Amino acid sequence: MDAIMIDPHSAATALGIANSAISSVKSALDLAKNVQDRDLKRELSNVMDNVLDLKAKVLELDEENRNLRRSLCRSVASRGPQHGMSVERVLGSAAPI
């Protein structure tokens, strides 16, 4: 499986969007409680499921990214400056997150 790299800022942004979408869907579900349209209720439920799946995927990708950055930092640090590599040069920052 190809790894998808996502930076922490992007992950936080995506998570914020997912949380906002969850809030919107919950509001719509609350309004739908008084509606008798079962198709509408089913579709709103499907939307909520999809948003929750999206949120879970964002969290999964963020964790994978953190693990990959830590691994890369360990690898770069173990090779040392004799190879002309540094964590800052490889990752663009000193902190591995």
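In table form, for the structure just shown:
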{"read-out": "Residue count for segment 10-29, restricted to those that are over 24 Å from ASN65 (Cα atoms) and of a type in the set (Gly, Ala, Ser)", "value": "4"}
{"read-out": "Matching residues, segment 24-45, being under 24 Å from the mean Cα position of the chain (by Cα) and loosely packed, with under 11 Cβ neighbours inside 10 Å", "value": "SER27"}
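Per-residue answers, yes or no, for (1) of a type outside the set (Phe, Trp, Tyr); (2) surrounded by 13 or more Cβ atoms within 10 Å (Cβ to Cβ); (3) modelled with pLDDT of 75 or more:
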site: ASP49; (1), (2), (3): yes, no, yes
site: LEU52; (1), (2), (3): yes, yes, yes
site: VAL76; (1), (2), (3): yes, yes, yes
site: GLU88; (1), (2), (3): yes, no, no
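The values are calculated or read from the model by the stated rules, or taken from the named source; none is laboratory data. Predicted model, so just to flag it, every value in this text is computed and none were measured. When we count neighbours, we look across all protein chains shown, and the Cβ atoms used for this are built from the backbone with ideal geometry, even at glycine.
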